[in-house]
Amino acid sequence: MQLSKIALGILATVTVGLSAAQAADRPRDLGIEIGVLHTGTNNAITDVKGVKVGQVTLVDEKKGMHTGVTAIVPHDGNIFKNKVPAGIFLGNAFGKMTGYPQVKELGNLETPIVLTNTLNVAAGIDGIIDYTFSFKDNGDVRSVNAVVGETNDGGINDIRARFVKPSDVLKAIKEAKTGPVEEGAVGAGTGTKAFGFKGGIGTASRVLPKEMGGYTVGVLVQTNFGGLLTVDGVEVGKQLGGYPYQKEIESADGSIMMIVATDAPLDSRNLERVAKRAFMGLAKSGGVASNGSGDFVIAFSTNDKVRVPHNTKALAKQTTSVVQNDDMTPIFMATIEATEEAIINSLFAAKDTNTYDGKVVKALPVDKVMEMMKSHNKLAK
């Protein structure tokens, strides 16, 4: 008894990215197959070659601490010196994401992407700068465009305490791994809510057929928003609410960060088009992009042929071939499917969570959802 009380109050800092992550049954494991394209090996953003994910989860019940960091690292090398093309779409810009103006202007990322809570964006910036400065060949760097996304976890986490430190951010980046990605109440999703239930981190991927390029598209989301929860076309939120739209209206404000990675050789213009399609996946899950919601999408390509060197020779010309407009549709479709599934994955993986002020945010009642899916003949045979 004494040990359990002590354990309850201990600060748990967990860095994840391994298989324990997906210990709970995911929707696809239970027969919910969203879309028609095949998934990657892990059905995760890490199926895209080179992409790693690191997470630090901070939980201390006595302090009201339920928050953390999720870092998405595009490749193993010095990202500042070998930037990746990127595009950003602002679905509803009620948010505090940093780094957008330069990405919009230049079309590339020069740092890992860090997700955390609203009031710890500054810690995210500091951690990214520390990471960038850790490379010996960055000794002359005087400017870093740190990209930090956020959602407000203040309904569960004592957000004013600003628990996340730059060292947590640095840890998440440096310990990022390939392979399965932990979902639910972990990392930046530790204290988030979605559709009135416990939200969190979710991920999914799609692999195109060879005749469509054979490219992989992976998505990772931090869900903290509202609307009418819809799972593979079934409006489960309507059946779980007390009356039509009650829960949807009460829980509409919030935010979501959507990160899209692909190994397709895309330029920044088409990556922005890809980012727009992620928003369609959000809509299919029932999200409404409410007035108070910060809905941001960051899309990037890991293909080494389209990387942007920090130092280029004068008047150097780029000769790399990129995917043409006429061939983009399958990538758009993959993005929509993976985004929708990643959102649903975040909900299925989440658990009941105590809030800093003594309440409990319930997890999605998966058993009831599965009954609904079965009644609508939505389970794979």
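The values are calculated or read from the model by the stated rules, or taken from the named source; none is laboratory data. Computed from a predicted structure; not experimentally measured. With ideal geometry, Cβ positions are generated from the backbone for all residues, glycine too; neighbour counts draw on all protein chains shown.
For Ile128, which of the numbered conditions (1) without any contact (Cβ under 8 Å) to a residue 60 or more places away in the chain; (2) buried (at least 22 other Cβ atoms within 10 Å of the Cβ); (3) more than 30 Å from Asn270 (Cα to Cα); (4) of a type outside the set (Ser, Thr, Tyr) fails to hold?
Status for Ile128: all satisfied but (3).
Considering only residues that are under 18 Å from the mean Cα position of the chain (by Cα) and part of a helix (DSSP H, G or I), look in region 258-272 and name the one that is surrounded by the fewest Cβ atoms within 10 Å (Cβ to Cβ).
Filtering region 258-272 for residues under 18 Å from the mean Cα position of the chain (by Cα) gives 258-263, 271-272.
Checking which are part of a helix (DSSP H, G or I) leaves us with 271-272.
Details: Leu271: 30, Glu272: 19.
Among those residues, the one meeting the criterion is Glu272.
So which of Asp168, Asp140 ends up being of a type in the set (Asp, Glu) and surrounded by fewer than 17 Cβ atoms within 10 Å (Cβ to Cβ)?
Details: Asp168 fails: surrounded by fewer than 17 Cβ atoms within 10 Å (Cβ to Cβ).
Only one candidate qualifies: Asp140.
Of these, Lys351, Lys359, which one is under 21 Å from the mean Cα position of the chain (by Cα), of a type in the set (Lys, Arg) and surrounded by fewer than 20 Cβ atoms within 10 Å (Cβ to Cβ)? Lay out the reasoning, then the answer.
Working: Lys359 fails: under 21 Å from the mean Cα position of the chain (by Cα).
Going through Lys351, Lys359 in turn, just one is under 21 Å from the mean Cα position of the chain (by Cα), of a type in the set (Lys, Arg) and surrounded by fewer than 20 Cβ atoms within 10 Å (Cβ to Cβ): Lys351.
List every residue pair whose Cβ atoms sit under 7 Å apart, with the two residues 6 or more apart in sequence or on different chains, where the first one lies in region 317-337 and is over 17 Å from Asp47 (Cβ atoms) and the second, anywhere, is among the polar types (S, T, N, Q) and in a helix (DSSP H, G or I).
Note: pairs meeting the criteria are Val323/Asn270; Met328/Asn270.
Hey, can you tell me all the residues within region 194-211 that are within 30 Å of Gln239 (Cα to Cα) and assigned to a loop (DSSP other than H, G, I, E, B)?
Scanning region 194-211 gives Phe195, Gly196, Gly199.
What residue, among those in region 185-238 that are among the charged types (D, E, K, R), in contact (Cβ under 8 Å) with a residue 40 or more places away in the chain and surrounded by fewer than 24 Cβ atoms within 10 Å (Cβ to Cβ), is farthest from Ala278 (Cα to Cα)? Lay out the reasoning, then the answer.
Here is the first cut: in region 185-238, the residues among the charged types (D, E, K, R) are 193, 198, 206, 210-211, 232, 235, 238.
Narrowing the set further to residues that are in contact (Cβ under 8 Å) with a residue 40 or more places away in the chain leaves 193, 198, 206, 232, 235.
Of the ones still in play, those that are also surrounded by fewer than 24 Cβ atoms within 10 Å (Cβ to Cβ) are 232, 235.
Values: Asp232: 16, Glu235: 20 Å.
Only one residue fits best here, namely Glu235.
List, please: which pairs have Cβ atoms under 6 Å, are six or more places apart or on different chains, and start with a residue in region 66-84 that is more than 18 Å from Thr118 (Cβ to Cβ) and end with one that is of a type in the set (Gly, Ala, Ser) and surrounded by fewer than 24 Cβ atoms within 10 Å (Cβ to Cβ)?
Val73/Ala176; His75/Gly50
Within region 104-119, how many residues turn out to be farther than 13 Å from Ile79 by Cβ and of a type in the set (Val, Ile, Thr)? Break it down into steps so the answer makes sense when it comes.
At the first step, the residues of region 104-119 found to be farther than 13 Å from Ile79 by Cβ are 104-107, 115-119.
Checking which are of a type in the set (Val, Ile, Thr) leaves us with 116, 118.
Within region 104-119, residues that are farther than 13 Å from Ile79 by Cβ and of a type in the set (Val, Ile, Thr) number 2.
Pick out, from region 46-117, the strands (runs of 3 or more DSSP E) lying fully within it that include 3 or more residues that are of a type outside the set (Val, Ile, Thr), closer than 23 Å to Ala264 by Cβ and touching a strand residue (DSSP E or B) at 6+ places or on another chain (Cβ under 9 Å). Reasoning before the result, please.
Values: elements: 52-60, 65-73, 82-93, 113-117.
Qualifying strands (runs of 3 or more DSSP E): 82-93.
Between a residue in region 339-367 that is within 23 Å of Leu282 (Cβ to Cβ) and any residue that is part of a loop (DSSP other than H, G, I, E, B) and at pLDDT below 95, which pairs come within a Cβ distance under 6 Å, given they are 6 or more apart or on different chains?
As it stands, the answer is Ala349/Ala24, since those pairs meet every condition given.
I'm trying to understand the selection: among the residues of region 147-193, which are charged (D, E, K, R), over 20 Å from Ala342 (Cα atoms), out of contact with any Ser or Thr (no Cβ under 6 Å at 6 or more places or on another chain) and part of a loop (DSSP other than H, G, I, E, B)?
Answer for region 147-193, where residues must be charged (D, E, K, R), over 20 Å from Ala342 (Cα atoms), out of contact with any Ser or Thr (no Cβ under 6 Å at 6 or more places or on another chain) and part of a loop (DSSP other than H, G, I, E, B): Asp158, Arg162, Lys165.
Report, by residue number, each residue of region 362-381 that is under 24 Å from the mean Cα position of the chain (by Cα), in a loop (DSSP other than H, G, I, E, B) and either closer than 13 Å to Gln239 by Cα or not aliphatic (A, V, I, L, M) (or both).
So in region 362-381, the residues under 24 Å from the mean Cα position of the chain (by Cα) come out as 362-366, 369.
Filter again for in a loop (DSSP other than H, G, I, E, B), leaving 362-365.
Scanning region 362-381 gives Lys362, Leu364, Pro365.
Considering only region 268-290, I want to know if a residue exists there that is among the charged types (D, E, K, R), more than 30 Å from Val323 (Cα to Cα) and modelled with pLDDT of 95 or more.
Initially, region 268-290 is screened for residues among the charged types (D, E, K, R), giving 269, 272-273, 276-277, 284.
If we keep only those that are more than 30 Å from Val323 (Cα to Cα) too, we end up with none.
The answer is no; no qualifying residue exists.
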